[in-house]
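**Q** Quick one: this structure, given as structure tokens, is what I'll be asking you about.
The values are calculated or read from the model by the stated rules, or taken from the named source; none is laboratory data. Given the structure is predicted, the values throughout are model-derived calculations rather than measurements. In this analysis, Cβ positions are derived from the backbone assuming ideal geometry, glycine residues included, and neighbour counts consider all displayed protein chains.
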Amino acid sequence: MSDESLPRKIERAERSVWIRPATLLTLYAGRLRRQWLQELLAAAGIATGVMLVFGVLAANTSIKTSAREVATGIAGRAQLQLRGIGAEGFDARIVSRVRAAPGVQAAAAVLQTHATLRYGGRQVGIDLVGLDDAYTRLGGVTSRPAMFGLFRLPGIYLSANAGDALGIRVGEAPSRPVTVAVRGRARQIPVIGVLGRSEIGALASTLISSTSLLRAQRLSGLPGRATRILVVASPGQDDRAHESIEQIARAEGLQASTVDDELRALAVATAPNDQSTTLFAAIAAIVGLLLTGMAMLLTVPERRRELARMRIVAGFTARQAAQVLLSQALLLGLFASGVGVIAGYLIARSSAQAPPGYLAFAFPLGSGVDVQAWMVVAAIVGGTVCTCIAAATPLADLQAGRALNAIFGTASHPGQSISTAVRWRLALAAALLVLAASAMVALWPATTLLAVGALIFATLLAMPAIVAGVLAVADQLERVDRAPPLVIPVGALRAAPVRSLALAATCAVAVTGALTIGGARDDLLHGLDQSEYYGTADIWVSQQDDALGLEPFRPPAGIEAIPGVAAVRRYTGGLLDIGDRRAWVVAHPVEDSMMVPPSQVQEGNYATANARLRTGGWVTVSDRIAEEQGGIAPGGTITLPTPTGRHTYRVAAITTNLGWGPGAVAMSAADYARDWASDAPTALEVDVRPGAAPARVANEIRTGLGPATGLEVKTTPQAIADAAGIVSDGLARLRQISTLLLIAAAAAIAVAMIATIRDRRPQLAAYAIEGWSRAALWRALMAETAMILLAGCFAGVAAGTYGHYLGGRWLERTTSFPAPWSWSPGAVLPVCALLAGVALLVTAVPGWFAAQPSGCLAIERR
Amino acid sequence: MTLRLEHVSRHFTVGGETVRAVDDVSLQIERGELIALYGPSGSGKSTLLLIAAGLDVPDRGSVIWDGEPVPLRGRAADRWRRETLGVVLQQPQLVEGVPLHRSAGLRLEARGVRRSKARLDGVRALRDVGLGNRLDHRPDQLSIGQRQRAAIARALTTDPELILADEPTGNLDSHTSGEIVDLLDRLAHERGRAVLIVTHDPQLAHRADRVLRLDDGRLAELDTDLTPAP
């Protein structure tokens, strides 16, 4: 029986169309043994691309996700809330009325204010949250055993992140006295505990400190006040509870909303940033996937030969050969993409340690990375698909007759030549694509991402012509007797055009992406120049860490009497919820030289607007707020909620968002004091006498305030620098994305060059046998890398500059951030220098070793 | 000008066992002489060629050129190879992607000769080997035999005294092989070069003035009655 079945089995196996998975694995194991270094280098390139994709995806979604966790952690079961308007809060006794209101099961008063903690020479800005006893019934974090001391012990709890910033770790001995500076006053209070993730979940990663409501009121100098009441509705009575708190809100000048409204407000606040980073993250992801494909493309010549051997020598059918090729690409792609995801996670985690500072003023934010399943799947599938697509190019050889090329045509890399006509056609297609993309953006600005994608694709199409141009220049240079010998690098680049193009294209897309992202970021930084805003005084006094001037304080007496001080004025700022927008209210005193920064006025006359703001009853609003309020134009009116009720103002001008994503409202400090029923400033503007040095006067003021103050004194340049730091913080992700993109591309190019150099050792050995010195061969290898980088950088700078223009205009239109176009060689050179420097440096070392190969490599039989 | 290998040995340890690739071999090549080093695969021919070219260091013995030890390292070794040696490989490693006339003079450039002169000499060498009508062709536009001739031309540009050829006809058909052997024969007998050819092709070996047979690293005998090598 077995004698009969064996031949049949063999026959069946021979006729079988498919190769068994175990056989495929065995074949791949064999390839790994033979070509382990090539596979390793390809895997490194693929992993680099996927790392970029995943790192960017993960970093881009972390803020909102962490904010959701934080909001849930604080609110517990509460679905509704009452919020005070303005930083002064409202009478906390209102909570009794809320508890007694129909449909309400439980309610707790919360006082939330910004504070600065100092301990052992360190300091950190935090949200100080005071909670009343009823809070435990809401099922939030205070219902957990770790927080039982909150209402009984005299002190404060710190989140792990806040503790870490002060050098106090989770579980370290309690009762360490820290200094809390709130609303201009500094006091010492012991730390009861530092709470980690196991105790308070996602809140551990926020910068937050909690204590009892009473203690928070004492610390902040707001006795009997609260800023928020969290409400749990009775089962099935949500609508009734909502109606009840709406009535109370109307009566008390509060805002009633659902707890989810906080997230909506955050979504609005982060929307401009998210829109910008999503665009640029998408660009980075495109670049990452291209890097992946390029890394695999470099192994194609060798895979072609392997495919031909399979077909001709081993007798595989075309389908079986394709199966082997693609299964190997699949395995390599999956493995390398997995490694890339891990590396990307580590990068995203390190870049997400701190939430953007400007948002932390308005929202309790967490940090850390939220890895969602779709990101892992997208990165791995994307990386693997790109790997398989690049690996599939040799399948063209399965056409009859072409397989022989790969084995016997060892002179070059057969089938890789790109004719002059094809080059021109591709360049023409690239030009047409750019034109079409430009027209598309002009007509439909929302298609900018598509246009930038088209621009990157056009760059790829133009690469053959650009590389040919660089080689033609090298040819001309070579005619000069004394010019360096470029024939070896030029020959190497011409002999393997696909490899050369893949390398140059990697460089080009990286430079394009980095310049697009970095340029738009620089535009934003220029647009958000704070010198106008702070230029109204010589010295600014505000609560520590409150660079935006949002926290009111009791003004200290006696500053006017300090020598050198000419005048002291009260500036007021705050946050105001207008619909879903947590807008920034800017209220300069009328004595200021400017009420609203002139460069930010979009509609209306600046001088007129300035004069009108001084007269009172007038405001300027951001374009987005104006649009949402029914398309208000200068001269129109807007009604704003204030602690004293809803007030109607006339609109003097329409502005940009003044750098605050949700939008801004500018009014006079006098209007603000009247309608917010508070004369507490959030900053003091100090003018110095003519001839007095602001820095010296600032020191005098510091001395006058004494060590116990919670106030910070800054000269105007210091205030501008701090504010610029916050703006820069907010754009940190853009910087991280562009830097990551460059490093990934440099690493990919270096890895590819190492693989290329290794592949060419036999030829280098032949040159060495002929007497070429190690230094000469090394110079040839470096010249080859330099020519690739030159072609890539040239194409990248051209496309990147245009991408920067498109991206900047898109930012301005869609996010309302001021982003005036700016370009300078100073912005372009570092990008090219970083990429070229890293690539050359990494190539130099293996190049040096490869430049003195063993003669055996040339002589050994292939 | 004479190349002498005196009691040369080269041993390797593979998998714990010692392989005697070259074992106490002595030989001498005079100018105007064409010598074939014949033997089966793995007999140590290529190792001996590397040692003769100063590219591998023997464990014992010495390599003497013109009465002086062949320099093995550093600039002296580079210079010796540039000025004295011409190597022809089984896989002709031409400069891909550029026409022959641009790369033929590279060896001269490596010696510091001005590029314009080096190229002229390179073109002359190409004409000498019958490639005068292929000057603008790139290597991938040539047949394998033409590529091999181009490699020989490049080796000849510096007018080397000693030519070492490693299986120069290994990839060629019999007709093209004949052309290459004719070329090497002329170099030895008309231009007075010392030519050492490593081969396992008996027909090529037959054309040599002397045939040295290498078996298991040992130079067994002078052999004129050749049987095909496995």
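**Q** Return the total of residues in region B:20-38 being more than 22 Å from B:Met1 (Cβ to Cβ) and within 14 Å of chain A (Cβ to nearest Cβ).
**A** Residues flagged as more than 22 Å from B:Met1 (Cβ to Cβ) and within 14 Å of chain A (Cβ to nearest Cβ) within region B:20-38 amount to 2.
**Q** Here are some residues: B:Asp56, B:Asp23. Which one is of a type in the set (Asp, Glu) and touching a Ser or Thr at 6+ places or on another chain (Cβ under 6 Å)?
**A** B:Asp23
**Q** Would you kindly identify the helices (runs of 4 or more DSSP H) lying entirely within region A:748-859 that contain at least 1 residues that are among the basic types (Lys, Arg)?
**A** Hits in region A:748-859: A:761-769, A:774-815.
**Q** Of the residues A:Ala768, A:Ala755, only one is under 34 Å from the mean Cα position of the chain (by Cα) and either surrounded by 19 or more Cβ atoms within 10 Å (Cβ to Cβ) or aromatic (Phe, Trp, Tyr) (or both); which?
**A** A:Ala755
**Q** For region A:491-595, which fully contained strands (runs of 3 or more DSSP E) count at least 1 residues that are buried (at least 21 other Cβ atoms within 10 Å of the Cβ), touching a helix residue (DSSP H, G or I) at 6+ places or on another chain (Cβ under 7 Å) and of a type in the set (Gly, Ala, Ser)?
**A** In region A:491-595, the matching strands (runs of 3 or more DSSP E) lie at A:581-588.
**Q** I need the full set of residues from region A:607-644 which are part of a helix (DSSP H, G or I) and not basic (Lys, Arg), in order please. Working first, answer last.
**A** Of region A:607-644, the ones part of a helix (DSSP H, G or I) are A:607-615, A:623-628.
Passing the criteria: A:Ala607, A:Thr608, A:Ala609, A:Asn610, A:Ala611, A:Leu613, A:Thr615, A:Asp623, A:Ile625, A:Ala626, A:Glu627, A:Glu628.
**Q** Quickly run through region A:291-321 and pick out the residues that are at pLDDT below 75, part of a loop (DSSP other than H, G, I, E, B) and farther than 30 Å from A:Gly513 by Cβ.
**A** A:Ala314, A:Gly315
**Q** Within region B:24-46, can you find the residues that are crowded, with 19+ Cβ neighbours inside 10 Å and touching a Gly at 6+ places or on another chain (Cβ under 8 Å)?
**A** Taking region B:24-46 as the starting set, the residues that turn out to be crowded, with 19+ Cβ neighbours inside 10 Å are B:25, B:29, B:33-39, B:43-46.
Matches in region B:24-46: B:Val25, B:Ser43, B:Gly44, B:Lys45.
**Q** Next question. May I ask you to say which residue of B:Leu49, B:Leu55 is touching a residue at least 40 places away in the same chain (Cβ under 8 Å) and within 14 Å of chain A (Cβ to nearest Cβ)?
**A** Details: B:Leu55 fails: touching a residue at least 40 places away in the same chain (Cβ under 8 Å).
Checking each option against the conditions leaves just B:Leu49.
Results for (1) in contact with a helix residue (DSSP H, G or I) (Cβ under 8 Å, 6 or more places away or on another chain); (2) closer than 30 Å to A:Leu684 by Cβ, shown as yes or no for each residue.
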{"position": "A:Glu700", "(1), (2)": "no, yes"}
{"position": "A:Ala719", "(1), (2)": "yes, yes"}
{"position": "A:Gly725", "(1), (2)": "yes, yes"}
{"position": "A:Ser728", "(1), (2)": "yes, yes"}
{"position": "A:Leu734", "(1), (2)": "yes, no"}
{"position": "A:Ala745", "(1), (2)": "yes, no"}
{"position": "A:Ala755", "(1), (2)": "yes, no"}
{"position": "A:Pro762", "(1), (2)": "yes, no"}
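**Q** Pairs please, first residue from region A:236-247 and under 8 Å from A:Gly103 (Cα atoms), second anywhere and part of a helix (DSSP H, G or I), Cβ atoms under 9 Å, 6+ apart in sequence or on different chains.
**A** Close Cβ pairs satisfying both conditions: A:Ser244/A:Val98.
**Q** Taking A:Arg650, is it basic (Lys, Arg) and either farther than 22 Å from A:His114 by Cα or in contact (Cβ under 8 Å) with a residue 12 or more places away in the chain (or both)?
**A** yes
**Q** With the condition kept exactly as written, say whether any residue in region A:805-827 is touching a Lys or Arg at 6+ places or on another chain (Cβ under 7 Å), within 30 Å of A:Val665 (Cα to Cα), away from chain B (no Cβ under 14 Å) and crowded, with 19+ Cβ neighbours inside 10 Å.
**A** Yes, because at least one residue in region A:805-827 is touching a Lys or Arg at 6+ places or on another chain (Cβ under 7 Å), within 30 Å of A:Val665 (Cα to Cα), away from chain B (no Cβ under 14 Å) and crowded, with 19+ Cβ neighbours inside 10 Å.
**Q** May I ask you to verify whether A:Arg215 is among the charged types (D, E, K, R), on the phi < 0 side of the Ramachandran plot and surrounded by 18 or more Cβ atoms within 10 Å (Cβ to Cβ)? Steps first, please.
**A** On the way: among the charged types (D, E, K, R): yes; on the phi < 0 side of the Ramachandran plot: yes; surrounded by 18 or more Cβ atoms within 10 Å (Cβ to Cβ): yes.
Criteria met by A:Arg215.
**Q** State the number of residues belonging to region B:92-110 that are in a helix (DSSP H, G or I) and more than 7 Å from chain A (Cβ to nearest Cβ).
**A** 3
**Q** Please go through region B:146-199 and give me each residue that is within 14 Å of another protein chain (Cβ to nearest Cβ) and in contact with a Pro (Cβ under 6 Å, 6 or more places away or on another chain), ordered by number.
**A** B:Arg147, B:Gln148, B:Ala151
**Q** Sticking with this structure for a sec: Looking at (1) outside any helix (DSSP H, G or I); (2) away from every other protein chain (no Cβ under 14 Å), which one does A:Arg482 not meet, given that it meets all the others?
**A** Answer for A:Arg482: the failing condition is (2).
**Q** Working only within region B:98-136, note down all residues that are hydroxyl-bearing (Ser, Thr, Tyr), in contact with a Leu (Cβ under 7 Å, 6 or more places away or on another chain) and surrounded by fewer than 18 Cβ atoms within 10 Å (Cβ to Cβ).
**A** none
**Q** Which condition from (1) in contact (Cβ under 8 Å) with a residue 40 or more places away in the chain; (2) more than 11 Å from chain A (Cβ to nearest Cβ) is the one that B:Pro69 breaks?
**A** (1)
**Q** State whether one or more residues within region A:418-429 are modelled with pLDDT under 70, on the phi < 0 side of the Ramachandran plot and buried (at least 16 other Cβ atoms within 10 Å of the Cβ).
**A** Step one: list which residues in region A:418-429 are modelled with pLDDT under 70, which gives none.
No, the conditions are met nowhere in region A:418-429.
**Q** When you scan region A:596-623, how many residues do you find that are surrounded by fewer than 23 Cβ atoms within 10 Å (Cβ to Cβ) and among the basic types (Lys, Arg)?
**A** Looking only at that region, the number is 1.
**Q** While we're looking at this one, here's another question. Consider A:Leu658 against the criteria (1) modelled with pLDDT of 80 or more; (2) surrounded by fewer than 20 Cβ atoms within 10 Å (Cβ to Cβ); (3) under 18 Å from A:Leu525 (Cβ atoms): it satisfies all of them except one. Which criterion is unmet?
**A** The single condition A:Leu658 does not satisfy is (2).
**Q** So, in region B:111-138, of the ones that are in a helix (DSSP H, G or I) and within 8 Å of chain A (Cβ to nearest Cβ), which residue ends up nearest to A:Tyr767 (Cα to Cα)?
**A** Among residues in region B:111-138 that are in a helix (DSSP H, G or I) and within 8 Å of chain A (Cβ to nearest Cβ), the one nearest to A:Tyr767 (Cα to Cα) is B:Arg115.
**Q** With respect to B:Val95, determine if the residue is touching a Lys or Arg at 6+ places or on another chain (Cβ under 9 Å), crowded, with 23+ Cβ neighbours inside 10 Å and within 22 Å of A:Leu477 (Cα to Cα).
**A** yes
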